[in-house]
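Trainee: One structure, pasted below without further comment.
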Amino acid sequence: MFESLATLSDRLSATGYFIDPVMTQVVFLAAKLQKPLLLEGPAGSGKTQLAISVAAAAGTHVERLQCYRGVTEEKAIGRFDEGLQRLYMEFSRGQHENWQAVQANLKGRDFFRPGPLMRALECDRPCVLLVDEIDKVDEGFEALLLEILSAWQLSIPEFGTVTAKSIPFVVLTSNEERRLGDPIRRRSLYVRVEHPTPARESEIIASRTPEADETFHREMAGIALSFRNYSLEKPPSVSEMIDFANALQLLGTDHVTEEHRDVLLPFLAKTEKDRRHLLLREGFKSLLDDGARFAQTLVLRGGSTS
């Protein structure tokens with residue numbers, strides 16, 4: 001997908017996704033060795049966005065399997081279109097010698113509606129296959145993925161074996177709701193993904209709010225660290241901090257004060273428990289004070305604080 005490490009680095013930077021040099025090398029090696037990339041870490045730390053950015057950098061598309069409790073094989077692989085089969089039987093009545101001939105046609109590719117796993121294998125050129133939040137499925141469904149991740153094929157009952165036309169770049173993400181099995185881990189390159197450092201988050205927010213100054217970007221990064229250190233039920237993600245920064249810009253201000261609390265809480269407090277904590281007399285103010293100290297540390301250390 002990428003001719004060289006430098007090409008990957010330049011193209012990822014062009015997408016606006018900030019990634020450190022070590023991670024860039026891991027992505028490059030995963031692409032070259034055709035190894036899945038297992039990204040594990042807290043929600044909102046940028047795991048899904050990495051897959052999207054790699055696809056953009058490669059000039060390809062994402063086939064996304066969004067995992068959830070109860071997701072079925074049909075959702076992941078695909079299923080026969082029964083309505084189309086019935087329509088075919090109606091229009092082809094009397095055109096076949098026997099029922100076996102009809103059955104053979106009904107089980108053909110034209111009647112199968114592929115899911116994201118099958119679509120990824122059938123791409124003429126490599127795509128990015130994103131299996132998002134794999135920790136939400138059980139061990140049985142996890143085992144379903146092993147064939148595609150090792151042999152790059154899918155065995156489908158009543159249809160046959162689908163072999164990859166091209167090898168996708170696979171990204172598996174996990175928010176650690178449960179421990180993934182060792183077979184998945186053996187087949188993957190494992191990367192621990194945390195929220196960005198304040199210095200990196202300041203750069204990310206700067207890329208999304210270029211009209212604001214450095215003081216504003218550092219303040220946003222400081223507030224992000226402050227909120228994540230507050231043991232909220234749902235700490236703010238990077239994307240939520242970008243929304244927060246854009247909201248301030250729309251309000252015509254480049255500094256957060258206590259007076260902004262109520263209008264800005266919907267951006268940062270996403271549960272009733274978190275909202276109640278931040279509505280305490282000193283709750284919001286103390287977080288702003290902590291954020292200001294973190295932002296000042298960024299200045300004193302030249303943006304290298306963590």
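Trainee: Check T253, T257 and return the single one that is over 21 Å from S207 (Cα atoms) and open to solvent by less than 80 Å² (accessible area, probe 1.4 Å).
Mentor: Testing whether each residue is over 21 Å from S207 (Cα atoms) and open to solvent by less than 80 Å² (accessible area, probe 1.4 Å) leaves just T257.
Trainee: Of all residues in region 180-216, which are in contact with a helix residue (DSSP H, G or I) (Cβ under 6 Å, 6 or more places away or on another chain) and either charged (D, E, K, R) or free of Cβ contacts under 8 Å to residues at least 24 places away in the same chain (or both)?
Mentor: Hits for region 180-216 are R187, E201, A206, R208.
Trainee: Please count how many residues of region 15-47 are under 19 Å from E203 (Cα atoms), open to solvent by 20 Å² or more (accessible area, probe 1.4 Å), in a helix (DSSP H, G or I) and in contact (Cβ under 8 Å) with a residue 12 or more places away in the chain.
Mentor: Total meeting the criteria: 3.
Trainee: Could you tell me which of the residues L232, L144, L189 is of a type in the set (A, V, I, L, M, F, W, C) and closer than 23 Å to L29 by Cβ?
Mentor: Numbers: L232 fails: closer than 23 Å to L29 by Cβ; L144 fails: closer than 23 Å to L29 by Cβ.
On inspection, the qualifying residue turns out to be L189.
Trainee: List pairs: first in region 151-167 and on the phi > 0 side of the Ramachandran plot, second of a type in the set (A, V, I, L, M), Cβ under 9 Å, 6+ apart or cross-chain?
Mentor: Cβ pairs passing all conditions: W152/L121; W152/A164; W152/I167.
Here is a yes/no grid of residues against (1) among the small types (G, A, S); (2) modelled with pLDDT of 90 or more; (3) within 30 Å of the chain's Cα centre (by Cα):
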position: I223; (1), (2), (3): no, yes, yes
position: L232; (1), (2), (3): no, no, yes
position: I242; (1), (2), (3): no, yes, yes
position: L248; (1), (2), (3): no, yes, yes
position: L265; (1), (2), (3): no, no, yes
position: L280; (1), (2), (3): no, no, no
position: L300; (1), (2), (3): no, no, no
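Trainee: Picking from L180, L154, L172, which residue would you name as being within 18 Å of the chain's Cα centre (by Cα), under 19 Å from T72 (Cα atoms) and buried (at least 23 other Cβ atoms within 10 Å of the Cβ)?
Mentor: Values: L180 fails: buried (at least 23 other Cβ atoms within 10 Å of the Cβ); L154 fails: within 18 Å of the chain's Cα centre (by Cα).
Step by step, each of L180, L154, L172 is checked, and only L172 is within 18 Å of the chain's Cα centre (by Cα), under 19 Å from T72 (Cα atoms) and buried (at least 23 other Cβ atoms within 10 Å of the Cβ).
Trainee: Look at L298 and say whether it is open to solvent by 10 Å² or more (accessible area, probe 1.4 Å), part of a helix (DSSP H, G or I) and of a type in the set (A, V, I, L, M).
Mentor: Taking the combined requirement at face value, the residue does not satisfy it.
Trainee: If I filter region 265-293 down to residues being in contact (Cβ under 8 Å) with a residue 12 or more places away in the chain and not in a helix (DSSP H, G or I), which single residue comes out as most open to solvent (accessible area, probe 1.4 Å)?
Mentor: At the first step, the residues of region 265-293 found to be in contact (Cβ under 8 Å) with a residue 12 or more places away in the chain are 265, 267-271, 273-274, 277-279, 284-285, 287-288, 290-293.
Checking the rest, the ones that are also not in a helix (DSSP H, G or I) come to 269-271.
Numbers: A269: 15, K270: 96, T271: 39 Å².
By that ranking, first place goes to K270.
Trainee: In addition: How many of the residues making up region 188-217 are assigned to a loop (DSSP other than H, G, I, E, B) and of a type outside the set (G, A, S)?
Mentor: So in region 188-217, the residues assigned to a loop (DSSP other than H, G, I, E, B) come out as 188, 193-197, 209-213.
Of the ones still in play, those that are also of a type outside the set (G, A, S) are 193-197, 209-211, 213.
Number of matching residues: 9.
Trainee: Tell me which of these G70 doesn't satisfy, since it passes every other one: (1) under 21 Å from L117 (Cβ atoms); (2) touching a residue at least 40 places away in the same chain (Cβ under 8 Å).
Mentor: For G70, the failing item is (2).
Trainee: Tell me whether region 200-213 contains one or more residues that are of a type outside the set (D, E), touching a Leu at 6+ places or on another chain (Cβ under 6 Å) and surrounded by 15 or more Cβ atoms within 10 Å (Cβ to Cβ). Step through it out loud before you land on a result.
Mentor: Going through region 200-213, the residues of a type outside the set (D, E) turn out to be 200, 202, 204-210, 212.
If we keep only those that are touching a Leu at 6+ places or on another chain (Cβ under 6 Å) as well, we get none.
Looking through region 200-213, none of the residues is of a type outside the set (D, E), touching a Leu at 6+ places or on another chain (Cβ under 6 Å) and surrounded by 15 or more Cβ atoms within 10 Å (Cβ to Cβ).
Trainee: Then there is this: Since E177 meets every condition but one in (1) acidic (D, E); (2) touching a Phe, Trp or Tyr at 6+ places or on another chain (Cβ under 6 Å); (3) outside any helix (DSSP H, G or I), which condition does it not meet?
Mentor: Condition not satisfied by E177: (2).
Trainee: Separate question: Quick check on region 235-264: of everything there that is touching a residue at least 12 places away in the same chain (Cβ under 8 Å) and assigned to a loop (DSSP other than H, G, I, E, B), which residue is nearest to H277 (Cα to Cα)?
Mentor: Restricting attention to region 235-264, the residues satisfying the condition of being touching a residue at least 12 places away in the same chain (Cβ under 8 Å) are 235-249, 251, 254-258, 260-261, 263-264.
Within this subset, residues satisfying the condition of being assigned to a loop (DSSP other than H, G, I, E, B) are 235-237, 251, 254-257.
Working: P235: 13, P236: 15, S237: 18, L251: 24, D254: 25, H255: 22, V256: 18, T257: 17 Å.
The residue in question is P235.
Trainee: Can you pull out the residues in region 1-14 that are surrounded by fewer than 16 Cβ atoms within 10 Å (Cβ to Cβ) and more than 18 Å from the chain's Cα centre (by Cα)? So that I can check it myself, show each step before the final result.
Mentor: Step one: list which residues in region 1-14 are surrounded by fewer than 16 Cβ atoms within 10 Å (Cβ to Cβ), which gives 3-7, 10, 13-14.
Listed by number, the residues that qualify are E3, S4, L5, A6, T7, D10, A14.
Trainee: Can you tell me how many residues in region 221-260 are among the aliphatic types (A, V, I, L, M) and over 21 Å from L280 (Cα atoms)? Full working, then the answer.
Mentor: Kept after step one, since they are among the aliphatic types (A, V, I, L, M), are these residues of region 221-260: 221, 223-225, 232, 238, 241-242, 245, 247-248, 250-251, 256.
Applying the additional criterion that residues be over 21 Å from L280 (Cα atoms) yields 221, 238, 241-242, 245, 247-248, 250-251.
Qualifying residue count, region 221-260: 9.
The values are calculated or read from the model by the stated rules, or taken from the named source; none is laboratory data. Because the structure is a prediction, the values reported are computed rather than measured. Quick reminder, even Gly has a Cβ in these numbers, built from the backbone with ideal geometry, and neighbours come from all protein chains shown. These accessible areas exclude ligands, DNA and RNA; they are computed on the full protein's heavy atoms, side chains included. Shrake-Rupley method; radii C 1.70, N 1.55, O 1.52, S 1.80 Å.
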